[in-house]
Amino acid sequence: MKTIYKYQLEITLDVQIIEMPVHAKILSAQNQNENPCMWVEVETTNDVEFRRFYVLGTGYPMPSNTSRFIGTIQINDLVFHLFELY
């Protein structure tokens, strides 16, 4: 069954490994109650996989790993950018 899941992210320089169903489609990344989150369309019956993400503050150097931009998240005066690593 298709469902939308919310995954809460951390503000950290570390890569975040998140378990989600295979073929999950990232819909949005936003601030919710001062916490960075992403909303993902999933097929709940699919097997799961581990996907890698990082949250990068404006002005921070970007890792050289191949990545895909997901979205920008603003929390008060701070602006962060969410990427998925491949």
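All of the numbers you see were taken from the coordinates with simple rules; none came from a lab. Just so we're clear, the structure is a prediction, and the values are computed from it rather than from any experiment. When we count neighbours, we look across all protein chains shown, and the Cβ atoms used for this are built from the backbone with ideal geometry, even at glycine.
Looking only at residues in segment 1-44 that are surrounded by 12 or more Cβ atoms within 10 Å (Cβ to Cβ) and hydroxyl-bearing (Ser, Thr, Tyr), which one is farthest from Glu84 (Cα to Cα)?
Checking each candidate, the answer is Tyr5.
Is one or more of the residues making up segment 2-10 in a strand (DSSP E or B) and touching a Ser or Thr at 6+ places or on another chain (Cβ under 6 Å)? Explain how you work it out, then say what you get.
Of all residues in segment 2-10, those in a strand (DSSP E or B) come to 2-8.
If we keep only those that are touching a Ser or Thr at 6+ places or on another chain (Cβ under 6 Å) as well, we get 3.
Taking every residue of segment 2-10 in turn, at least one turns out to be in a strand (DSSP E or B) and touching a Ser or Thr at 6+ places or on another chain (Cβ under 6 Å).
Please go through segment 17-38 and pick out each residue that is in contact with a strand residue (DSSP E or B) (Cβ under 7 Å, 6 or more places away or on another chain), closer than 21 Å to Asn76 by Cβ and part of a strand (DSSP E or B).
So in segment 17-38, the residues in contact with a strand residue (DSSP E or B) (Cβ under 7 Å, 6 or more places away or on another chain) come out as 17-31, 34-38.
Restricting the remaining residues to those that are closer than 21 Å to Asn76 by Cβ gives 28-31, 34-38.
Those that are in contact with a strand residue (DSSP E or B) (Cβ under 7 Å, 6 or more places away or on another chain), closer than 21 Å to Asn76 by Cβ and part of a strand (DSSP E or B): Ser28, Ala29, Gln30, Asn31, Asn35, Pro36, Cys37, Met38.
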